[in-house]
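Worksheet: one structure, shown below.
The values are calculated or read from the model by the stated rules, or taken from the named source; none is laboratory data. Everything numeric in this text was worked out from a predicted model, so none of it was measured. With ideal geometry, Cβ positions are generated from the backbone for all residues, glycine too; neighbour counts draw on all protein chains shown.
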Amino acid sequence: MPTPTHEEARAAADALARRIGWGKTVLFSLLPLALLLAALEGAARLAERGRPPLPADPGLGFNPDSRLFVPSPEEPGVLITNPDKAASFKEQRFLMPKPDRHFRIFMLGGSSVNYIDLELTLLAWELTLRYPGACRVEIINCGGLAYGSHRLVAIAAEVMHYEPDLILIYSGHNEFEELEQFQAARIAYLPLQRVLGRFALYRFERDRAALWRIAAAQRDRNRRILENPEADYMSGARHVYTPEEVADRMRQYERNLSIILSLCRDHGVPVIIGTMASNLWKPGLATEAMREEVQALYAQGRHAEGMALARQLLRDHGRHQASDTENGIIRALAERYRIPIADVESAVITAEPHGIPGETLFSDHCHLNQAGNQILIRAYAGQIISLLDAPCRP
């Protein structure tokens, strides 16, 4: 049998393609790829049985349909922290509707609130024991890691539906961090993220990439610490903010807090807002040179000058901790809305050996240590008791 020439083979292939159609030809060509992807998807789903995917929150709380609390699938009448937000919030649960004689408190803020979950639980027990048989106090922790005032507006609006008796606010450290979070959220791609999130293969690759970035950042931080153990690696933002950008962000901060306070006023919910305790002993300044300038003054015993310089440098630059500007806004809004202040800043200053916040009561640039957190709790407790005495008195 004669061997067909190249031209004859090409003609035969074209004839076959015409008979089955180009669409089917393309389909058959893609079939091996589809089978490979299906096999990988199946393998990824099997892998998730042993290693569940990491919690993922598409939109990072910037999307309008974001919800912090959702109905429990196992307990009717119970709301729980949205599992999608498990990486940013403590697990909470509460009854809806609210039982009689319950005094329900929500505390809004960033990681400084997130980290005091145990202290808030103990405070709720303490307050309940203060009014035996008359009132059960519950404090629901709404502190989100890296959450600033922008996303707290949405949370405040949400919790108004959960029969709050009191709102506590401690927020001001994350205003510039939240701008970076917004860029990372990529809201424009949210629909695509949600579609892809249904596939185990995408979740596997997403989690591996996230873990790799975290490990790489930790390795880089450890390397720099070994090179210079005295350097402050919490300082400085990736973006150098102009004075105009700093001023604009502070206007947004004031606007966001005003919205929250107006929401509470319109719903008849009392509010206690706290001033922000910020580390001025080792502040997270924009550059290492700024930090060294402040530390040099402290080393010379010129404490008042060092603290004044730290306050000025924080005010004038982008920061990952609150400054006098944030506290000035808090005090002005408290006066405007006639709400009590838990003066955490003043209480911390009073407790420090030289009156410089950060000398003994902070674990980093903005987070209080255990002793500092007790001061924060007591600052709020005094104001809470004055509000509880009337509704919870036997």
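Quick notes on this one:
- Taken over the range 347-394, the residue count meeting the criterion of being without any contact (Cβ under 8 Å) to a residue 60 or more places away in the chain, among the hydrophobic types (A, V, I, L, M, F, W, C) and under 17 Å from residue 137 (Cα atoms) is 1.
- Beta carbons closer than 6 Å, at least 6 apart along the sequence or on distinct chains, never pair a first residue in the range 299-323 that is farther than 16 Å from residue 248 by Cα and free of Cβ contacts under 8 Å to residues at least 40 places away in the same chain with a second that is hydroxyl-bearing (Ser, Thr, Tyr) and buried (at least 20 other Cβ atoms within 10 Å of the Cβ).
- When the range 290-316 is filtered for residues that are surrounded by fewer than 21 Cβ atoms within 10 Å (Cβ to Cβ) and under 26 Å from the mean Cα position of the chain (by Cα), the ones remaining, listed by number, are 311, 313, 315, 316.
- Here 46, 40, 60 are screened, and the one residue that is at pLDDT 70 or above, of a type in the set (A, V, I, L, M) and outside any strand (DSSP E or B) is 46.
- Residue list for the range 155-175, filter: surrounded by 21 or more Cβ atoms within 10 Å (Cβ to Cβ) and within 17 Å of the chain's Cα centre (by Cα): 155, 156, 159, 168, 169, 170, 171, 172, 173, 174, 175
- Qualifying residues in the range 272-289 (those that are of a type in the set (A, V, I, L, M) and surrounded by 22 or more Cβ atoms within 10 Å (Cβ to Cβ)) - the one farthest from the chain's Cα centre (by Cα): 280
- Among the residues of the range 100-139, those that are closer than 19 Å to residue 274 by Cβ and of a type in the set (Val, Ile, Thr) comprise 105, 113, 116, 121, 137, 139.
- Checking each residue in the range 247-266 for being within 12 Å of residue 176 (Cα to Cα), surrounded by 16 or more Cβ atoms within 10 Å (Cβ to Cβ) and of a type in the set (A, V, I, L, M, F, W, C) picks out only 250.
- Residue in the range 20-37 that is closer than 30 Å to residue 184 by Cβ and either assigned to a helix (DSSP H, G or I) or modelled with pLDDT of 70 or more (or both) present: yes
- Among the candidates 163, 175, residue that is modelled with pLDDT of 95 or more and touching a Ser or Thr at 6+ places or on another chain (Cβ under 9 Å): 175
- Applying the criterion of being of a type outside the set (Asp, Glu) and in contact (Cβ under 8 Å) with a residue 40 or more places away in the chain to the residues of the range 337-346, the residue that is surrounded by the most Cβ atoms within 10 Å (Cβ to Cβ) is 344.
- Subset tally (residues that are exposed (fewer than 13 other Cβ atoms within 10 Å of the Cβ) and either assigned to a helix (DSSP H, G or I) or in contact with a Pro (Cβ under 7 Å, 6 or more places away or on another chain) (or both)) for the range 88-114: 0
- Flag for residue 365 being at pLDDT below 95, in contact with a helix residue (DSSP H, G or I) (Cβ under 6 Å, 6 or more places away or on another chain) and not small (Gly, Ala, Ser): no
- Residue list for the range 169-183, restricted to those being under 21 Å from residue 383 (Cβ atoms) and in contact with a helix residue (DSSP H, G or I) (Cβ under 6 Å, 6 or more places away or on another chain): 170, 171, 172
- Residues of the range 141-172 classified as assigned to a strand (DSSP E or B) and of a type in the set (A, V, I, L, M), total: 4
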